[in-house]
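Working notes, beginning with the structure itself.
The values are calculated or read from the model by the stated rules, or taken from the named source; none is laboratory data. Note that the structure is a prediction, hence the values are computed from the model and not measured. Please note: Cβ atoms are built from the backbone with ideal geometry, for glycine as well, and neighbour counts cover all protein chains shown. Each accessible area value is taken on the protein alone, full model and side chains, heavy atoms only, with ligands, DNA and RNA left out. Shrake-Rupley method; radii C 1.70, N 1.55, O 1.52, S 1.80 Å.
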Amino acid sequence: MLMAHPTVLRNLIEQYEALRVLHAESGGEEARQRMDDVAYTLCVSTGTGDVDSALVAARHRLPGALPEDDSVLSS
């Protein structure tokens with residue numbers, strides 16, 4: 001499986017988190033669609049089937065992440 005570059009993963013995580021806040025605040029359809037698109041890209045980039053797993057997998061692939069670090073699970 002091809003692995004996304006950590007910079008790409010970090011950017012996707014940041015986009016998803018910003019869109020999640022935007023959607024929570026405004027509830028707009030455009031923000032929701034973009035959030036779904038980024039979630040799909042995260043899933044494909046990490047080889048996972050849902051956005052929560054994709055976020056955990058992406059964070060674990062970032063520089064400085066430790067295998068035993070469960071802090072990525074609190075979001």
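Looking at the range 33-45, can you tell me whether even one residue there is hydroxyl-bearing (Ser, Thr, Tyr), under 11 Å from Arg61 (Cβ atoms), assigned to a helix (DSSP H, G or I) and open to solvent by less than 90 Å² (accessible area, probe 1.4 Å)?
yes
Go through the range 1-32 and report how many residues are outside any loop (DSSP other than H, G, I, E, B) and surrounded by 13 or more Cβ atoms within 10 Å (Cβ to Cβ).
Count: 17.
May I ask you to list pairs of residues, at least six apart or on different chains, whose Cβ atoms are under 9 Å apart, with the first in the range 17-43 being over 23 Å from Thr7 (Cα atoms) and at pLDDT below 90 and the second being of a type outside the set (Ser, Thr, Tyr) and open to solvent by 60 Å² or more (accessible area, probe 1.4 Å)?
Here the result reads His23/Arg32; His23/Arg34; Gly28/Leu22, each pair linking the range 17-43 to a residue that is of a type outside the set (Ser, Thr, Tyr) and open to solvent by 60 Å² or more (accessible area, probe 1.4 Å).
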